[in-house]
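Heads up, the thing below is written out as structure tokens.
The values are calculated or read from the model by the stated rules, or taken from the named source; none is laboratory data. Being a predicted model, the structure only gives us computed values, none of them experimental. Every residue, glycine among them, receives a Cβ derived from its backbone with ideal geometry; neighbour counts consider all protein chains shown.
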Amino acid sequence: MNQPTGAAVAAGQTRQGRGVQKKLLYGLLLAALILAPMAGAYPVFVLKVLCFALFACAFNLLIGYTGLLSFGHAAFFGGAAYTAGHAMKVWGVTPEVGLVLGTLAGALIGYVVGYIAIRRQGIYFSMITLAL
């Protein structure tokens with residue numbers, strides 16, 4: 001029973017293979033963390049990369065653990081970003097307060113959409129999130 005199944009072997013997902021992939025990923029992450037302060041004139045670029053990496057991780061968790069495909073995933077991301085930017089530019093709040101306001105706005109949008117969409121499954125969930 002400790003032998004990998006045929007599908008896992010065919011996909012190359014043995015324990016040794018996953019261990020090598022994990023070590024490679026950790027090595028790349030460590031290299032990125034070491035090189036990030038040396039970005040010099042590109043801190044905004046590094047922050048954008050980290051922001052989109054967080055977005056991709058959230059999307060991966062949604063599909064991986066729940067199997068739900070969300071076409072409106074960017075609505076929460078964009079709504080929070082717009083609120084934070086608007087609060088800082090128009091209301092004149094500090095970036096820290098703008099970040100908190102953006103987070104609260106994204107959570108509120110997620111709650112409203114989630115209240116409607118989470119009761120659906122499969123293609124119906126995808127179509128509701130696409131209608132955003």
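Put simply, of F55, F71 the only residue that is outside any loop (DSSP other than H, G, I, E, B) and aromatic (F, W, Y) is F55. Taking each residue of segment 49-68 that is touching a residue at least 40 places away in the same chain (Cβ under 8 Å) and looking for partners that are part of a helix (DSSP H, G or I) and surrounded by 11 or more Cβ atoms within 10 Å (Cβ to Cβ) with beta-carbon atoms closer than 8 Å, six or more apart or interchain, yields L68/L62; L68/F125; L68/S126. Restricting segment 108-121 to residues that are loosely packed, with under 12 Cβ neighbours inside 10 Å and within 18 Å of A81 (Cβ to Cβ) leaves a set whose member that is nearest to the chain's Cα centre (by Cα) is Y111. Within segment 74-94, the residues that satisfy the criterion of being surrounded by fewer than 17 Cβ atoms within 10 Å (Cβ to Cβ) and in a helix (DSSP H, G or I) are A74, A75, G78, A81, Y82, G85, H86, K89. Beta carbons closer than 8 Å, at least 6 apart along the sequence or on distinct chains, pair a first residue in segment 117-132 that is under 10 Å from L69 (Cβ atoms) with a second that is surrounded by 11 or more Cβ atoms within 10 Å (Cβ to Cβ) and not hydrophobic (A, V, I, L, M, F, W, C) for F125/S70; S126/S70; T129/S70; T129/G72; T129/H73; L130/G72.
When G27 is tested against (1) loosely packed, with under 13 Cβ neighbours inside 10 Å; (2) at pLDDT 90 or above; (3) closer than 30 Å to L132 by Cβ, only condition (3) is not met.
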